[in-house]
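Enquirer: Have a look at this one.
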Amino acid sequence: MIAMLRCPSCNEIILANSVQCKYCSVPLDPNTIRTEVQKFEHVSSAVSQANTIKSFNAGLILVGILCIYLLLSGASGLQRVYIHFLPIGGLVWVVSWFIRFGSLQSKDPDWEPARAAMNRSLLMWGVGFIVYCLCLLWALLGYSLI
């Protein structure tokens, strides 16, 4: 794979084997190239993971429906065990993204939309987890919805 970076001057994407930016002609020294390649790869990884997590946000609705179904059906034992990992896993996944990339600063145009999507994901999975905990408490206290 060919390494790429954003020009520190004009923010355009260029190849790492360039000696100068093909857009603004700013000269690039090897240390700048190495630093900018690492930044570019880190931001690309953050954006890619944010897009993957965002695609699983719809799964939160399925988790909610499954939780309600299990509560209403009176499922017990192994039928209920796996459901406990879904809302916890989703929330942990989102929080781990913030731990890894939350302090990242970038001028990359894809960074801000990815960060905004992750803020929405954190809100959704956080609220979903609270609702899940309330449903679990409801079930543990033995209340019936029927």
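The values are calculated or read from the model by the stated rules, or taken from the named source; none is laboratory data. Everything numeric here is computed off the predicted structure, so don't read it as measured data. In this analysis, Cβ positions are derived from the backbone assuming ideal geometry, glycine residues included, and neighbour counts consider all displayed protein chains.
Enquirer: Is there any pair linking a residue in the stretch 54-65 that is more than 17 Å from ILE88 (Cβ to Cβ) to one that is assigned to a helix (DSSP H, G or I) and at pLDDT 80 or above, with Cβ under 7 Å and at least six apart or on different chains, and which?
Expert: That search, which allows pairs on different chains as well, returns LYS54/ALA117; LYS54/SER121.
Enquirer: Next question, about the same structure. Output the residues belonging to the stretch 41-59 that are of a type in the set (A, V, I, L, M, F, W, C) and either in contact with a Lys or Arg (Cβ under 6 Å, 6 or more places away or on another chain) or not in a helix (DSSP H, G or I) (or both).
Expert: Taking the stretch 41-59 first, the residues of a type in the set (A, V, I, L, M, F, W, C) are 43, 46-47, 50, 53, 56, 58.
The answer is PHE56, and nothing else.
Enquirer: Determine if the stretch 15-24 includes at least one residue that is touching a helix residue (DSSP H, G or I) at 6+ places or on another chain (Cβ under 9 Å) and surrounded by 13 or more Cβ atoms within 10 Å (Cβ to Cβ).
Expert: For the stretch 15-24, residues touching a helix residue (DSSP H, G or I) at 6+ places or on another chain (Cβ under 9 Å) and surrounded by 13 or more Cβ atoms within 10 Å (Cβ to Cβ): present.
Enquirer: Let me ask something else. Across the stretch 77-96, which residue is modelled with the highest pLDDT among those that are over 15 Å from TRP125 (Cα atoms) and either assigned to a helix (DSSP H, G or I) or touching a helix residue (DSSP H, G or I) at 6+ places or on another chain (Cβ under 9 Å) (or both)?
Expert: Among them, the one singled out is TYR82.
Enquirer: Could you tell me how many of the residues in the stretch 4-40 are more than 30 Å from TRP93 (Cβ to Cβ), assigned to a helix (DSSP H, G or I) and not aliphatic (A, V, I, L, M)?
Expert: 4
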